[in-house]
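Below you'll find the structure, written out as structure tokens, and then a few comments.
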């Protein structure tokens, strides 16, 4: 892992920006830095930067290895184009395919994560509904008990008034 003080240039991006470029979490990019897979530079404030192309290349290589097929878009030389310009076009297209493949893989991972989160939230909602139903049953029971107590005290108070009234006659 390379740590040098350097101002941010156009091809240097923060770890968060690098993660967005390839559809990954910033923690994933941080892990690649910590493992030494990606090198970083720091600006004068200590903020880390990686080369955008290094991140793209890392995921293009992973996509290529995972598919066991070369990631190329070599269409051969066009009329009037030299072989070297054709190769640079193929290389640029290959890099774009790698970037897009990495983005798709990242989005698929995010979708899986979001599905898991949604399932947990649905389970939480179901638990909360059960708790609300239990609280409602308990509330209804407590209201019934309070009514019984009030009715019992009212009856008791009426009896005391009657006794007081009878005593006042004597």
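The values are calculated or read from the model by the stated rules, or taken from the named source; none is laboratory data. Not measured: the values here are computed from a predicted model. Cβ coordinates were reconstructed from backbone atoms using ideal geometry, including for glycine residues, and neighbour counts include every protein chain displayed.
When the test is whether a residue is modelled with pLDDT under 75 and outside any helix (DSSP H, G or I), residue 76 passes it.
Within the set 33, 50, 125, 132, the sole residue that is in a helix (DSSP H, G or I), touching a strand residue (DSSP E or B) at 6+ places or on another chain (Cβ under 9 Å) and modelled with pLDDT of 90 or more turns out to be 33. Under 30 Å from residue 22 (Cβ atoms) and either modelled with pLDDT of 65 or more or in contact with a strand residue (DSSP E or B) (Cβ under 9 Å, 6 or more places away or on another chain) (or both): which single residue out of 85, 168, 94 fits that description? When all the criteria are applied, what remains is 94. Against the definition (modelled with pLDDT under 85 and outside any loop (DSSP other than H, G, I, E, B)), how does residue 7 come out, yes or no? No, not satisfied.
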